[in-house]
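Below is one structure; the comments refer to it alone.
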Amino acid sequence: MNRFVAAERALRTAAPHQLLDAVRRVLAEHYGAQSVELLMADYGLTVLQPVSVLPHTMEPISVHSSAAGRAFGAQEPFVERAGDGMARLHVPVTVRGDRLGVLSVTLPDGDQAATVLAELGDVAQVLAHEVVVAERDTDVYTQARRRDRLTLAAEMQWQLLPGRSCARPEYELGAQLEPAYAIFGDNFDWSATADHLMLYVTNGMGEGTEASVLTNLAISALRNARRAGLPLADQAVLADQALYAHYRGQCYLSVLMLDFELATGRVSVVDAGSPRMLRLRDGVVDRVELEAQLPLGMFDETDYVSQELYAEPGDRLIFVSDGVYGTASPRGEAYGDAALARAIQATRLLPAAEVPRAVLRELADHRGRSASDDDALVVCLDWLGR
């Protein structure tokens with residue numbers, strides 16, 4: 001039997017919590033692998049955590065200074081030569097652009113590495129698909145992502161997210177939230193069809209679980225309207241009504257809603273609050289000025305209208321919450337559009353999935369040693385066009 005077919009069959013028939021055991025068996029039998037580890041990226045995207053049975057865990061591996069981290073960041077296989085002629089292969093575990101982690105395989109014959117690298121890449125891709133499906137039925141892979149314990153509010157927010165990156169021929173998306181283990185209100189959501197990409201960037205109100213409950217209600221209402229096939233402005237109206245009916249204007253949510261037409265780059269936008277949009281085009285960073293409307297749930301029976309703009313191939317669009325541009329330095333200086341523009345320029349050569357983390361590192365340097373008192377959200381969209 002073809003080796004890859006054997007690996008694929010083993011993964012598809014394995015119990016959800018036994019995917020690593022299945023891939024270990026088949027790689028040992030058909031590829032002579034001496035060790036196999038599945039490393040999951042943690043919520044902060046700072047380390048790769050080995051999947052193991054709790055409470056027994058292995059030491060995490062740095063994303064920034066390790067061979068596995070190099071494969072994860074570049075999204076390319078990396079071969080690490082070991083002693084006695086052995087080789088350790090690190091292969092990204094990624095599904096539709098969503099970077100889950102790295103599969104590390106030690107082979108006794110280093111010369112074999114080049115001949116099996118492509119096959120192991122295919123195996124890692126199948127493993128990524130199976131991990132996503134298995135997470136409906138087991139906590140093994142979710143637990144492996146945790147370097148620290150999440151707050152309840154953060155647990156609610158991470159469960160609400162679609163992923164942290166995705167890619168299609170027309171675009172590449174990446175997003176990150178900080179503080180990763182204690183977020184409470186900021187959020188993002190996206191959904192694609194054959195012809196459209198819809199993207200929501202939300203700036204939460206309040207703290208703790210109350211902020212998470214507010215965001216959960218808003219995102220659920222927006223998804224409900226979107227899945228009913230309603231246009232963007234009507235989605236905003238229904239979500240606004242849902243929030244006002246529950247909170248009577250005492251709590252509300254800022255959201256930036258975008259609907260990209262994949263064939264043309266035409267974008268419908270509803271700007272209902274404080275998230276900002278910046279654009280890198282032809283080497284120049286500009287803030288995209290939008291028609292500001294009321295946040296969702298502030299008043300009863302608010303009407304919303306959409307405006308139009310166009311994305312051009314090569315555009316990089318950056319969306320940020322007020323926890324980014326409003327963050328103060330130890331001297332009280334707000335981060336602001338100028339510093340954000342410099343960060344966007346400094347990260348212009350990075351892929352979209354890497355940009356949010358890099359911008360948030362710049363933000364942490366600006367903030368200094370003081371702890372963050374607000375969520376910070378960065379979403380990066382590279383528009384490639386059709």
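The values are calculated or read from the model by the stated rules, or taken from the named source; none is laboratory data. None of the values given here were measured: they were computed from a predicted structure. Please note: Cβ atoms are built from the backbone with ideal geometry, for glycine as well, and neighbour counts cover all protein chains shown. SASA here: full protein model, heavy atoms, side chains in, ligands and nucleic acids out. Shrake-Rupley method; radii C 1.70, N 1.55, O 1.52, S 1.80 Å.
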Just checking, which of 182, 211, 192 is among the small types (Gly, Ala, Ser), under 19 Å from the mean Cα position of the chain (by Cα) and under 25 Å from residue 364 (Cα atoms)? 182
With the structure loaded, tell me whether residue 229 is out of contact with any Phe, Trp or Tyr (no Cβ under 8 Å at 6 or more places or on another chain) and surrounded by 21 or more Cβ atoms within 10 Å (Cβ to Cβ) or whether it fails that test. no
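A quick yes/no check of all residues on (1) of a type in the set (S, T, N, Q); (2) under 17 Å from residue 10 (Cβ atoms); (3) open to solvent by less than 50 Å² (accessible area, probe 1.4 Å); (4) out of contact with any Cys (no Cβ under 7 Å at 6 or more places or on another chain):
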{"site": "26", "(1), (2), (3), (4)": "no, yes, yes, yes"}
{"site": "33", "(1), (2), (3), (4)": "no, yes, yes, yes"}
{"site": "42", "(1), (2), (3), (4)": "no, no, yes, yes"}
{"site": "60", "(1), (2), (3), (4)": "no, no, no, yes"}
{"site": "81", "(1), (2), (3), (4)": "no, no, no, yes"}
{"site": "88", "(1), (2), (3), (4)": "no, no, no, yes"}
{"site": "91", "(1), (2), (3), (4)": "no, yes, yes, yes"}
{"site": "98", "(1), (2), (3), (4)": "no, no, yes, no"}
{"site": "105", "(1), (2), (3), (4)": "no, yes, yes, yes"}
Is the stretch 64-71 home to any residue that is over 19 Å from residue 143 (Cβ atoms), in contact with an Asp or Glu (Cβ under 8 Å, 6 or more places away or on another chain) and either at pLDDT 95 or above or surrounded by fewer than 19 Cβ atoms within 10 Å (Cβ to Cβ) (or both)? yes
Among the candidates 338, 358, 343, which residue alone is among the small types (Gly, Ala, Ser), out of contact with any Leu (no Cβ under 8 Å at 6 or more places or on another chain) and either open to solvent by 60 Å² or more (accessible area, probe 1.4 Å) or in a helix (DSSP H, G or I) (or both)? 338
Among (1) farther than 22 Å from residue 99 by Cβ; (2) in contact with a Lys or Arg (Cβ under 8 Å, 6 or more places away or on another chain), which single condition is residue 13 missing? (2)
Can you pull out the strands (runs of 3 or more DSSP E) entirely within the stretch 236-300 that have at least 2 residues that are under 24 Å from residue 327 (Cβ atoms) and open to solvent by less than 30 Å² (accessible area, probe 1.4 Å)? 254-261, 266-272, 276-281
Residues 119, 178, 170: which one is more than 24 Å from residue 200 (Cα to Cα), touching a residue at least 12 places away in the same chain (Cβ under 8 Å) and either open to solvent by less than 60 Å² (accessible area, probe 1.4 Å) or of a type outside the set (Gly, Ala, Ser) (or both)? 119
So, in the stretch 346-355, how many residues would count as being touching a helix residue (DSSP H, G or I) at 6+ places or on another chain (Cβ under 8 Å) and open to solvent by 50 Å² or more (accessible area, probe 1.4 Å)? 2
Of the residues in the stretch 309-335, those that are surrounded by 13 or more Cβ atoms within 10 Å (Cβ to Cβ), at pLDDT below 95 and either farther than 20 Å from residue 189 by Cβ or not small (Gly, Ala, Ser) (or both) number 9
Scan (1) over 19 Å from residue 374 (Cα atoms); (2) over 15 Å from the mean Cα position of the chain (by Cα) for the single condition residue 156 breaks and write down its number. (1)
Quickly run through the stretch 181-214 and pick out the residues that are open to solvent by 10 Å² or more (accessible area, probe 1.4 Å) and closer than 15 Å to residue 258 by Cβ. 190, 191, 192, 193, 195, 196, 198
When you scan the stretch 367-386, how many residues do you find that are at positive phi and either at pLDDT 90 or above or of a type in the set (Ser, Thr, Tyr) (or both)? 1
Condition (residue is free of Cβ contacts under 8 Å to residues at least 24 places away in the same chain, open to solvent by 40 Å² or more (accessible area, probe 1.4 Å) and not in a helix (DSSP H, G or I)) applied to the stretch 137-152: is it met by at least one residue? yes
